[in-house]
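Worksheet for the structure shown next.
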Amino acid sequence: MRDAAPLILRVATGAIFAMHGWQKLSAGVPNVSMFLGQLGFPAPELFAVLLIAAELGGGILLILGLFTHWVAKVLAFVALVALVLVHMKNGFFMSAGGYEFIMLLFAASFSLMITGPGKWSLDRKMRKS
């Protein structure tokens with residue numbers, strides 16, 4: 001079952017990121033841009049599009065195990081920025097808007113970046129071709 005571990009981690013982490021990206025896309029780029037502007041991001045419209053693309057597209061690619069190292073690196077960065085700029089000030093617990101959940105997403109992304117996608121991935125299938 002050792003080969004199932006990275007698959008399970010990829011699918012769970014990818015699904016969470018993809019759903020968060022879908023949620024942002026559904027809310028609309030202007031709303032995400034406004035939020036990022038309030039956080040002090042320069043060019044919040046551009047960063048809103050990049051954030052949505054990273055979460056939605058990156059989440060899907062993570063599920064598939066395609067470009068896993070690079071996608072996980074981007075998603076770890078997204079999680080780290082969210083942890084520092086949004087959640088850290090609220091303490092640990094998610095119920096208060098804290099960082100416990102985003103810390104776990106960072107750890108999962110970082111782990112996949114280091115360990116790779118595992119046996120059951122498109123990355124592995126493409127390497128064998």
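Computed values, structure above
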quantity: Length released on extending from Leu46 to Val11, taking residue separation times 0.36 nm less the Cα-Cα span; calculated: 9.8 nm
quantity: 0 to 90° range, to nearest 10: angle between helix 4-27 axis and the chain longest Cα axis; calculated: 30
quantity: Partners for Lys24 among lysines (Cα-Cα distance below 18 Å; same-chain residues under 8 apart left out); calculated: none
quantity: Extension gain (nm, one decimal) between Ala27 and Trp120, 0.36 nm per residue minus Cα-Cα; calculated: 30.1 nm
quantity: Whole-number percent relative contact order across the chain, with pairs defined as alpha carbons under 8 Å at least 6 apart; calculated: 30
quantity: Using alpha-carbon coordinates, inclination of helix 100-115 to the longest axis of the chain, degrees; calculated: 40
quantity: Net lengthening on full extension, Ala96/Leu39 (0.36 nm per residue, minus Cα-Cα); calculated: 18.7 nm
quantity: Using alpha-carbon coordinates, inclination of helix 29-38 to the longest axis of the chain, degrees; calculated: 70
quantity: Karplus (6.51, -1.76, 1.60) ³J(HN,Hα), θ = phi - 60°, over the stretch 81-86, in Hz, Gly and Pro reported as x; calculated: 5, 5, 4, 6, 7, 10
quantity: Normalised per residue, the volume of the convex hull around the Cα set of the chain (Å³); calculated: 107
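Where a number appears in this text, it was derived from the coordinates with a stated rule and is not lab data. Quick caveat, the model's predicted, so the values are computed rather than measured.
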